[in-house]
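This report refers to the structure that appears directly beneath it.
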Amino acid sequence: MSKFAVILAAAGKSTRFGDPFKNKVYATISGKPLWMYAAEKFSSRDDVGQILIAISPDDKDFFNEKFAGNAAMLGIQAVLGGAQRADSVRNALGEVREDLSYVAVHDAARPCIADRWIDSVFQAAQKSGAAILATPCSSTLKRVGANSQIVETVSRDGVWLAQTPQVFRKDLLKAAYEQHPDPGKATDEASLVEGLPAEIRQKFGTTAVSVVEGSPLNIKVTTKSDLKFAELAVKVLPKPNPFPFG
C-alpha cells in the first residue's frame, strides 16, 4: 500500500553552478537530466503513491516543452515553486493527496540516491515520525571571518552533514510550516520540525528528528565540479538487495 508522497525540490536559482542559461537540475549525466535520476528511483517504488516536482516559474515553459512527456510517464506532477526553498516545498505540500501519510522531500540535484538508503530513511520515519539521511563530519571545521581569516576551530563532535530525502509525517510537516514565524529562513525541512515546541512534536508522536547514515556518494550538485563527481558516483551506487528479507 502506498504511504509516501515525494516532493522533488527543483526551483532553486543555481547561482553557484555557473551556467547563466540553465538551472543545474537540467544538467545531464549520460544525456539524462539530474532530476530524472532521482525521479526514476522513487517512481519505481510500490510505497510511493505520488511524486511532485517543484519547478521555478521561470522554467515552466522550458520544462513543459522538454520534459512533459517524461514527467507523464513517471507519473510526476509539476508544481510552481516560490522565491525560497521553503515556499516551493510548501506549495507542493498543499498538493499532496489526503490518503498519503508521509512526505519525503528530496533535492532534485541529488541524482546519486540508492534504493537501500531510501529504504532505511523511510523505515526510520515510520518509526519516529521524522527522519533524514546524513553523514558524520570527518573534516576539521573552521569558522572563517569576512576577511578570509580563521576565527576559530569548531569541534566536529556530534556534527553531521544533512542530506535528503528528509521524511516526515505529513501532518507534522504541515504543522512545522504553520508554526514557524519565517519558514523562508530554514535551509531544510528538518530545521522547521526541530523548531517546533516539544509538546507539538509529541502530539504527532515525534520527540526528535532521527538521523540515518547516508553516503558521501549522495552528493548535491552545486557546482560543475560536483557534476563531474556525480558522473562517477552514479556508476558505483550500491545495487538493490535481491533478497531483502534474507
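A short reminder: the numbers here are calculations on the coordinates, not readings from a lab. Only a predicted model underlies this, so the values are computations on that prediction, with no experimental measurement involved. Note: ideal-geometry Cβ built from the backbone for every residue, glycine included; neighbour counts use all protein chains shown.
Key figures for this structure:
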read-out: Whole-number percent relative contact order across the chain, with pairs defined as alpha carbons under 8 Å at least 6 apart; value: 23
read-out: Out-of-range pairs (alpha-carbon distance over 27 Å; input 60/203; 170/224; 32/127; 66/235); value: 60/203; 170/224; 32/127
read-out: Dipole axis of the chain (+1 Lys, Arg; -1 Asp, Glu on Cβ), positive-most option in 198, 238, 11; value: 238
read-out: Cα centroid of the stretch 104-164 to Cα centroid of the stretch 170-246, whole Å; value: 8
read-out: Cβ-placed point charges (K, R +1; D, E -1), dipole of the stretch 104-222 about Cα centre in debye, nearest 20; value: 60
read-out: The chain - Rg over Rh from alpha carbon coordinates, Kirkwood radius; value: 0.96
read-out: Contour excess over end-to-end distance, with Cα ends at residue 146 and residue 87 and 0.36 nm allotted per residue; value: 18.3 nm
read-out: HN-Hα J in Hz across the stretch 169-178 - Karplus 6.51, -1.76, 1.60, θ = phi - 60°, x for Gly and Pro; value: 4, 4, 5, 5, 5, 4, 5, 4, 5, 5
read-out: In Hz, Karplus ³J(HN,Hα) per residue of the stretch 214-230 (6.51, -1.76, 1.60; θ = phi - 60°; x = Gly, Pro); value: x, 8, x, 5, 7, 7, 8, 6, 10, 10, 5, 5, 4, 4, 4, 4, 5
read-out: In sequence order, calculated HN-Hα J values of the stretch 147-163 (Karplus, 6.51, -1.76, 1.60; Hz; x Gly/Pro); value: 8, 6, 10, 5, 8, 6, 9, 9, 4, 9, 4, x, 8, 10, 9, 5, 10
read-out: Size of electric dipole in the chain: Cβ of Lys, Arg +1 and of Asp, Glu -1, about Cα centre, debye, nearest 20; value: 520
read-out: 5 angstrom amide H check on residue 76, placed H, neighbours 5+ away; value: none
read-out: The stretch 29-68 residues near the modelled residue 80 label - backbone nitrogen below 15 Å, point 7 Å along Cα→Cβ; value: 54-64
read-out: Inter-label distance, nm, simple model (7 Å from Cα along the C-beta direction), residue 43/residue 135; value: 2.7
read-out: Long-range HN-HN contacts of residue 161 with modeled amide H, under 5 Å; value: 135, 137
read-out: Theoretical FRET efficiency, 1/(1+(r/R0)^6), r = Cβ-Cβ of residue 182 and residue 28, R0 41 Å, to 0.05; value: 0.70
